[in-house]
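Right, one structure below, let's go through it.
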Amino acid sequence: MTQREPDCLLSVSPSYREGELHICAQDTSGQIAFALNSSLMLLYALNTASKGTLLVHAATVEFEGKGYLFLGRSGTGKSTHARLWLEHVKGSSLLNDDSPILRVEDNGSVFVYGSPWSGKTACYKKCRAELGGVVRLSQAPLNRIRAMTPIEAYASLLPSCSCIPWERKMADGVHNSIERIIGRCGSYHLECLPDKAAARLCAQTVKAI
């Protein structure tokens, strides 16, 4: 079997501050733009992971000055749940639909930022909100939510953070940021249906409305 050549190859410096992108394929269906965008996202995530900053795979809504992250495996319904908040939680708005940025300040405050990367949803907001809570979603035949223990919260957030786990400095930075984040805000597990009741239950729990 002949090994297929990659369409593109990103070579990075040891610090992850610089990179050189080699594009081998012809530009069909915007492949070059996709490669450039993905490379910039990767360089940003890896370079800042040890600096109190995390690029997270999540959908994020803002409500009354606080940002709420919805985590879950691809296909779980993060975007759907965010949309349900927009439809049924008055005053909520979408901050980012795929890759928001978490930043832990020196004083311990945690903020979630919009980013240039928002998946298929064109939501590129240059704004931030103080992190209000983190919710792990899973599909279920009913709606039920509970607060997670610190260990559960840590294990829930870690897989959603961009990182190279065998790079010690980077991994230590991610672990330290997660520890500070879960010590600052509530973390929840929401088993849910894709319906209004799920959005209302989640909102009432993480932010009494």
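The values are calculated or read from the model by the stated rules, or taken from the named source; none is laboratory data. On a predicted model such as this, the values are computed, not experimentally measured, just so you know. Cβ sites come from the backbone with ideal geometry, for glycine too, and all protein chains shown count toward neighbours. Accessible surface areas use protein heavy atoms only, side chains included; no ligands, DNA or RNA. Shrake-Rupley method; radii C 1.70, N 1.55, O 1.52, S 1.80 Å.
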Report task. Would you be able to say whether some residue in region 11-18 is free of Cβ contacts under 8 Å to residues at least 40 places away in the same chain, hydroxyl-bearing (Ser, Thr, Tyr), open to solvent by less than 70 Å² (accessible area, probe 1.4 Å) and part of a strand (DSSP E or B)? Result -> yes
Report task. Within region 99-113, identify whether any single residue is open to solvent by 30 Å² or more (accessible area, probe 1.4 Å) and farther than 19 Å from Ile182 by Cβ, and answer yes or no. Result -> no
**Report entry** In region 179-209, the residues that are within 21 Å of the chain's Cα centre (by Cα) and basic (Lys, Arg)
**Finding:** Arg180, Arg184, Lys207
Requested in this report: Return yes or no: is Ser138 open to solvent by 20 Å² or more (accessible area, probe 1.4 Å), closer than 24 Å to Gly183 by Cα, touching a Leu at 6+ places or on another chain (Cβ under 9 Å) and small (Gly, Ala, Ser)?
Outcome: yes
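Yes/no matrix, rows are residues, columns are (1) over 17 Å from Val89 (Cβ atoms); (2) at pLDDT 95 or above; (3) open to solvent by less than 40 Å² (accessible area, probe 1.4 Å); (4) among the hydrophobic types (A, V, I, L, M, F, W, C):
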{"position": "Ser156", "(1), (2), (3), (4)": "yes, yes, yes, no"}
{"position": "Glu167", "(1), (2), (3), (4)": "yes, no, no, no"}
{"position": "Ile178", "(1), (2), (3), (4)": "yes, yes, yes, yes"}
{"position": "Cys185", "(1), (2), (3), (4)": "yes, no, yes, yes"}
{"position": "Glu191", "(1), (2), (3), (4)": "yes, yes, no, no"}
{"position": "Asp195", "(1), (2), (3), (4)": "no, yes, no, no"}
{"position": "Leu201", "(1), (2), (3), (4)": "no, yes, no, yes"}
{"position": "Lys207", "(1), (2), (3), (4)": "no, no, no, no"}
**Report entry** Given (1) modelled with pLDDT of 95 or more; (2) in contact with an Asp or Glu (Cβ under 6 Å, 6 or more places away or on another chain), number of the condition Gly119 does not satisfy
**Finding:** (1)
Report summary line: Just one listed residue, out of Ser138, Ser99, Ser109, is closer than 23 Å to Asn47 by Cα, at pLDDT 95 or above, touching a His at 6+ places or on another chain (Cβ under 8 Å) and of a type in the set (Ser, Thr, Tyr), and it is Ser99
